[in-house]
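The values are calculated or read from the model by the stated rules, or taken from the named source; none is laboratory data. What you see is a predicted model; the values in this text were computed from it and never measured. No Cβ is skipped: glycine too gets one built from the backbone with ideal geometry, and neighbour counts run over all protein chains shown.
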Amino acid sequence: MADVSAVVIGAGVNGLVAATILARAGAQVQVLEAADEIGGAGRTVSFGHGYRAPLGPDTLPAIASDILWATGVDLTELRLRPAAHSLSVTEGGRILSRHADRVEDARALAALDRADADAMPVFEALLSRLAARIRPLLFAPLPDTATRAGVLTRPRQMEAALGALEAQETADCARLLVQSLRDRLDRSFRSDDLKGLIAGRALAGVGRGPYAPLTAAHLLRPWLGSGPCVPATGLMLDGGLKALAGALARALAEAGGSLRLSAPVRGLTLANDRVTGAVLDSGEEIPADLLVSSLDPAVTLSLLVEAGAPAGDLLLDLVGEPAAGAPVRLAFGLDRRPGFALLPERFRARPGLLHLSQSMASLEAAHDEARAGQVPSRPWADLCVSSDGDPGLAPAEGAVLTATLYPLPQHLAEGPWDEAAREGLLDRITAEIDALSPGFRNLVRARAIWGAGDWDTLIGAGTTGPYQGDLGLERLWSARPLPELSQYRLPVRNGYLCGSGVHPGPLVLGAPGYNAARRILGDLRGLRAA
């Protein structure tokens, strides 16, 4: 492998995972990052007066220990912690709490509804068992669904995955994979507040409401990793994804790889239907035997088409398909940490994740409004004092509060997401937070909003947002992003995709980069054997 050179575009988690695995296998790897900071969709950005905000997320996706082991990153060196509790403020102003501690969580659920408290362990056990059976499919090569044989393979893989379960469990699992969230949650719980909280968290990044078929399977997301799992509240990493990216960058350097910041790629070079390198904005050409892109697939295909590759039809299939579930991210730079008088006193100092939640009916209505190009009357909002885990985000004594909103339309029916529309949404959310934390609006020294139209500039995500595509199961399980690209290979030799736009998407942290690296190493072994 020492005679193989590789250029990896993008220093997000997936790009760094792929780069580090290739470097540890002996390849000469160089990572090119357009921004002046690593982290990709998890990096921080300045928004004025000395404040910085993480682009997201506040809690981590599922973690697979195998991925970190393959990169040489020691999980114990990361300051990973469960969010001690997550709090939900319902439409009626009721406070619902979930807790990392199982005894405390059961006590809180019993105060809400004794039957629901009894049902929760049964419900979570089912999800855990099903996730354990499905997990290997996230790391198994996707069948080539561009062929008839490949189309038939995926159902057989799913059947084999469920084969070890008891008959009743198999039936329960099969139902869960096709049900709506409403149908699944109505079978298990009575409290509308609890069902709304569970559904809202499951639908993050999903462009459809809880009444839609196939949405119940998103309940599995917290369970799909092989590392720490705290489904009630989620896992947090001090320093955010930027801290993990930093650990990966150190592992890359130890393996002999290199990393260049402020090195945006403007083009690719081709010869004889093969990628031969990348061209920077400066005009510098960087030759390479392999090109591995963690950018959005449509952005990468655009570079190929501009270089003369016959990828126009594939590009047309992807361009103009915005991610219906892409979030909008807000940030507030504050004079000091806000208090939350509405919350019970023991939660005020460090509330963890705070949800402005809804019933399932309201969630469905919000998705209907978003599909019609309207800002929902009450979008779901996840609030987090991000500076709790990363004090360097704010000046001394200050704080940064971030909010993630969904569902929101990518395009407004009445016009563009211009300054007036953005300021209007910021004003609305400021008022809602002020109702929870009186005086909040007077603490704000800087604020910002990132959403439709911003993700491409921030992280090279085209029109698809930070997830590089919708999280609908029809794409996640079989053909992400397209059948022709589901093998991580670009339609030219020696070119590959490794970002969240390929299987299995952002379900497991770093999994697309891990899978792509294994595909590349397998291809190289095959070539050498031939």
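Answer yes or no: is there a residue in segment 352-370 that is more than 30 Å from G415 (Cα to Cα), modelled with pLDDT under 85 and not assigned by TED's automatic domain parsing to the domain that holds I9. So far as segment 352-370 goes, yes, one or more of its residues are more than 30 Å from G415 (Cα to Cα), modelled with pLDDT under 85 and not assigned by TED's automatic domain parsing to the domain that holds I9. For the residues V73, V29, V17, the requirement of being in contact with a helix residue (DSSP H, G or I) (Cβ under 9 Å, 6 or more places away or on another chain), β-branched (V, I, T) and assigned to a loop (DSSP other than H, G, I, E, B) singles out V73.
Being surrounded by fewer than 24 Cβ atoms within 10 Å (Cβ to Cβ) and either among the small types (G, A, S) or at pLDDT 95 or above (or both) is a property that holds for A25.
Look at (1) in a loop (DSSP other than H, G, I, E, B); (2) buried (at least 21 other Cβ atoms within 10 Å of the Cβ); (3) touching a Ser or Thr at 6+ places or on another chain (Cβ under 7 Å); (4) modelled with pLDDT of 90 or more and you find that R208 fails only one, number (4).
Within segment 490-508, can you find the residues that are surrounded by 18 or more Cβ atoms within 10 Å (Cβ to Cβ), at pLDDT 90 or above and on the phi < 0 side of the Ramachandran plot?
L490, V492, G495, Y496, L497, C498, G499, V502
Please determine, by comparing only the residues of segment 38-50 that are assigned to a loop (DSSP other than H, G, I, E, B) and touching a helix residue (DSSP H, G or I) at 6+ places or on another chain (Cβ under 7 Å), which one is modelled with the highest pLDDT. Looking at the filtered set, the residue picked out is I38.
On the basis of being modelled with pLDDT of 75 or more and in a loop (DSSP other than H, G, I, E, B), does R329 make the cut? No; evaluated as a whole, the condition is false for this residue. For segment 75-102, a residue qualifies if it is without any contact (Cβ under 8 Å) to a residue 60 or more places away in the chain and under 26 Å from G246 (Cβ atoms), and exactly one does: T76.
Those strands (runs of 3 or more DSSP E) of segment 259-309 in which 3 or more residues are in contact with a helix residue (DSSP H, G or I) (Cβ under 7 Å, 6 or more places away or on another chain) and under 20 Å from L16 (Cα atoms) occupy 290-293. Take the conditions (1) assigned to a loop (DSSP other than H, G, I, E, B); (2) more than 21 Å from L509 (Cα to Cα); L197 misses just one of them, which is (1). Applying a threshold of 8 Å to beta carbon distances and a minimum spacing of six or more residues, or different chains, the list of pairs starting in segment 178-198 at a residue that is under 16 Å from L109 (Cα atoms) and ending at one that is hydrophobic (A, V, I, L, M, F, W, C) and not in a helix (DSSP H, G or I) reads D193/L96; L194/L96; K195/F189; L197/L96; I198/F189. Would segment 114-128 turn up any residue that is farther than 22 Å from P222 by Cα and either surrounded by 15 or more Cβ atoms within 10 Å (Cβ to Cβ) or not hydroxyl-bearing (S, T, Y) (or both)? Checking segment 114-128: at least one residue is farther than 22 Å from P222 by Cα and either surrounded by 15 or more Cβ atoms within 10 Å (Cβ to Cβ) or not hydroxyl-bearing (S, T, Y) (or both).
Considering only segment 370-415, state which residues are surrounded by fewer than 19 Cβ atoms within 10 Å (Cβ to Cβ) and either on the phi > 0 side of the Ramachandran plot or assigned to a helix (DSSP H, G or I) (or both). Once the filter is applied, which keeps residues that are surrounded by fewer than 19 Cβ atoms within 10 Å (Cβ to Cβ) and either on the phi > 0 side of the Ramachandran plot or assigned to a helix (DSSP H, G or I) (or both), segment 370-415 yields R371, G373, D388, P391, G392, E397, G415. The residues of segment 33-42 that are farther than 19 Å from A452 by Cβ and buried (at least 24 other Cβ atoms within 10 Å of the Cβ), listed by number, are E33, I38, G39, G42. For the condition among the aromatic types (F, W, Y), modelled with pLDDT under 75 and over 15 Å from the mean Cα position of the chain (by Cα), W477 qualifies. Looking only at residues of segment 76-113 that are aliphatic (A, V, I, L, M), modelled with pLDDT of 85 or more and part of a loop (DSSP other than H, G, I, E, B), we find that the one that is surrounded by the most Cβ atoms within 10 Å (Cβ to Cβ) is A100.
Here the condition is being in the same structural domain as Y488 (by TED's automatic domain parsing), at pLDDT 95 or above and closer than 18 Å to I520 by Cβ; of P297, P287, it holds for P287 alone.
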